[in-house]
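Read the structure below first, then the notes.
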Amino acid sequence: LFEAARARARDAQDRGLLAATSMNLGNIATIRGDLQRALSYHRRAVADLRTLDRPPDLASALNNLGLTYTALKRWDDAGAAYREAVGVCEATGDVDNEARARGNLAELLVACGDLEAAGREGAYALALVDQLADAPTRGEVHRISGVVAREAGALEAADRHFAEAERVARERHDQLLLAETAREQADLYRRQSRNRDTL
């Protein structure tokens, strides 16, 4: 259905719809584990959105592109996508998308071993979600902040962040966030020799 919609958008020269279908097809490819196909679609979405005045959509597309590069371990490309997303958000005051981009950048920096920079980005992301009464990214930012704290050896702080991420996930019925938080909590509990909690 998305391919059919994309074909019609191409015929109508509707770049907005082309970008939207590309993002959805990229997400489907990611779920299927076809990262190269996902990368192709997310690149197309970003290219189309750069020609339009739709900053929130561009920021989301850049985040998706960064996540795909991260999954492919293309760290520099992922960092560039996240930083561009941050710039787009700063220019337009898009706090929620900026928090998401900075959180993703923090997780990337952990993978690269730069815990100091990861801590700065994570703290910035937390400050951003605290500006919003009901930030959609709150749970994800706390999960990532927990990862940063855990890797830095601040295990009690990590436990608090994971607990908040779990609370938000349950409140929002976000099963993916709940699963990802449980995985990170298990790693934390193992390091604390809390074997029963780990299991």
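What residue, among those in the range 40-59 that are part of a helix (DSSP H, G or I) and open to solvent by 40 Å² or more (accessible area, probe 1.4 Å), is farthest from GLY93 (Cα to Cα)? Give the derivation first.
Step one: of the range 40-59, the residues part of a helix (DSSP H, G or I) are 40-49, 55-59.
Restricting the remaining residues to those that are open to solvent by 40 Å² or more (accessible area, probe 1.4 Å) gives 40, 43-44, 47, 56-57.
Working: SER40: 29, ARG43: 24, ARG44: 25, ALA47: 22, PRO56: 10, ASP57: 14 Å.
Across the range 40-59, the extreme among qualifying residues is SER40.
Taking only the range 97-151 into account, find how many residues are open to solvent by less than 10 Å² (accessible area, probe 1.4 Å), free of Cβ contacts under 8 Å to residues at least 40 places away in the same chain and either among the β-branched types (Val, Ile, Thr) or part of a loop (DSSP other than H, G, I, E, B) (or both).
The total comes to 1.
Could you run through the range 172-182 and say how many residues are of a type outside the set (A, V, I, L, M), surrounded by 10 or more Cβ atoms within 10 Å (Cβ to Cβ) and free of Cβ contacts under 8 Å to residues at least 24 places away in the same chain? Walk me through how you get there before you give the answer.
Filtering the range 172-182 for residues of a type outside the set (A, V, I, L, M) gives 172-175, 180-181.
Narrowing further to those that are surrounded by 10 or more Cβ atoms within 10 Å (Cβ to Cβ): 172, 174-175, 180-181.
Subsequent filtering for residues that are free of Cβ contacts under 8 Å to residues at least 24 places away in the same chain retains 175.
Total satisfying the criteria: 1.
Which condition number in (1) on the phi > 0 side of the Ramachandran plot; (2) surrounded by 14 or more Cβ atoms within 10 Å (Cβ to Cβ) is the one that SER193 fails?
Result: SER193 passes all but (2).
Out of curiosity, is THR68 closer than 24 Å to LEU109 by Cα, crowded, with 23+ Cβ neighbours inside 10 Å and within 18 Å of the chain's Cα centre (by Cα)?
Working: closer than 24 Å to LEU109 by Cα: yes; crowded, with 23+ Cβ neighbours inside 10 Å: yes; within 18 Å of the chain's Cα centre (by Cα): yes.
Yes.
Can you name every residue in the range 1-34 that is surrounded by fewer than 19 Cβ atoms within 10 Å (Cβ to Cβ), touching a residue at least 24 places away in the same chain (Cβ under 8 Å) and of a type in the set (A, V, I, L, M, F, W, C)?
Passing the criteria: PHE2, ILE28.
For ARG37, which of the numbered conditions (1) among the basic types (Lys, Arg); (2) at pLDDT below 95; (3) open to solvent by 40 Å² or more (accessible area, probe 1.4 Å) fails to hold?
Looking at each condition in turn, ARG37 falls short on (2).
The values are calculated or read from the model by the stated rules, or taken from the named source; none is laboratory data. This structure is a prediction, so every number in the text was calculated from the model and none was measured. A quick note on method: Cβ atoms are made from the backbone with ideal geometry, for glycine too, and the neighbour counts reach across all protein chains shown. Protein only, heavy atoms only, side chains kept; ligands, DNA and RNA dropped before computing areas. Shrake-Rupley method; radii C 1.70, N 1.55, O 1.52, S 1.80 Å.
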